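Everything on this sheet refers to the single structure shown next.
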Amino acid sequence: MNGRPGPTTRRNSHGTSTRSDRLRRQRDPLRHVPDGGGRFAEAGAPADLARLWFATLLRDGFALAAAGDAAPFGEIGAEVLTGLLDSSGVPDPEGTARRLATSVAELPLHPDVTDGIRALRAAGNRLVTLTNGSAQVAQKLFDAAGIRDEFEALLSVEDAPAWKPHPSSYRYAAQRCGTREEDMLLVAVHPWDIHGAARAGLRTAWVNRIGGAYPSYLARPELTVASLTHLATELAAG
């Protein structure tokens, strides 16, 4: 789920900065989640339902943001998932939705994340997450990976005026970091996140782990890398 956060940083004295939001591809979102569909199959639901769930969750969250409203990621996700499970004939859809949401939130980090985060931090970057989901999910993931202390703060749009990619979410992060938007670099796997950040005035880097094509109708990233470790190398090279 998009609640799976990645790092954000402000520029250091060498002019580099970073942010990553680590989840899904624009047309096949669960491909960025290790075995996301497998958890659904184990629960007796169609594996492809995972992709439909996440796409519907984002659609409704974005619709609220466009209208100037907001609701918690978990609240929307639970209601959407319960309805989809019920329509698919899965027994106890409400209970199954709760169990699946917890299970998906506990999926492991991608293999490049731990080393990439440590390399970015060692280069002097301030790392901060900004997620559409819960900061507690980020806390749990990073604690388990032993990298929580690499982050200055774990931010969530639950404390911002609207979800990403609304400009107010990125401004909120800049304000919390005490810096200007143009002095931040957002690093994400979602092209819509790249677009929103670019329009809000941030620099951007796209983590393209699966070799996907970037949509021509969205603002293009300043950098494109295959992993967070590649990003650290790219930034170090200047």
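The values are calculated or read from the model by the stated rules, or taken from the named source; none is laboratory data. No experiment lies behind these values; they were computed from the predicted model shown. Using ideal geometry, Cβ is built from the backbone for each residue, glycine included, and neighbour counts are taken over all protein chains shown. Ligands, DNA and RNA are stripped out before the accessible areas are found, and what is left, the full protein with its side chains, is counted by its heavy atoms. Shrake-Rupley method; radii C 1.70, N 1.55, O 1.52, S 1.80 Å.
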- Report yes if Ala173 is among the hydrophobic types (A, V, I, L, M, F, W, C) and in a helix (DSSP H, G or I), otherwise no. yes
- Within the range 134-151, the residues that are exposed (fewer than 14 other Cβ atoms within 10 Å of the Cβ) and either touching a residue at least 40 places away in the same chain (Cβ under 8 Å) or not in a helix (DSSP H, G or I) (or both) are Gly146
- Message: Can you report the number of residues in the range 58-73 which are in contact with a helix residue (DSSP H, G or I) (Cβ under 6 Å, 6 or more places away or on another chain) and outside any loop (DSSP other than H, G, I, E, B)?
- Response: 2
- Query: Condition test on Trp206, is it more than 19 Å from Asp69 (Cα to Cα) and among the aromatic types (Phe, Trp, Tyr)?
  - Reply: yes
- For the range 119-133, which residues satisfy the criterion of being part of a loop (DSSP other than H, G, I, E, B) and either open to solvent by less than 50 Å² (accessible area, probe 1.4 Å) or acidic (Asp, Glu) (or both)? Gly124, Asn125, Asn132, Gly133
- Item | Meets criteria (in contact (Cβ under 8 Å) with a residue 60 or more places away in the chain, loosely packed, with under 15 Cβ neighbours inside 10 Å and either farther than 18 Å from Phe40 by Cβ or in contact with a Lys or Arg (Cβ under 7 Å, 6 or more places away or on another chain) (or both)) for Asp115 | yes
- Item | Selected residue (only one of Ser103, Ser87 is in contact (Cβ under 8 Å) with a residue 60 or more places away in the chain and more than 19 Å from Ala160 (Cβ to Cβ)) | Ser103
- Of the numbered conditions (1) under 22 Å from Pro191 (Cβ atoms); (2) open to solvent by 50 Å² or more (accessible area, probe 1.4 Å); (3) modelled with pLDDT under 95, His166 satisfies every one except a single condition; which is it? (3)
- For Pro161, are the conditions met, namely being within 12 Å of the chain's Cα centre (by Cα), over 30 Å from Glu42 (Cβ atoms) and in a loop (DSSP other than H, G, I, E, B)? no
- Item | When residues of the range 183-224 are limited to those that are open to solvent by less than 10 Å² (accessible area, probe 1.4 Å) and in a strand (DSSP E or B), the one farthest from Asp112 (Cα to Cα) | Met184
- Quick one: how many residues across the range 39-57 are in a helix (DSSP H, G or I) and open to solvent by 20 Å² or more (accessible area, probe 1.4 Å)? 7
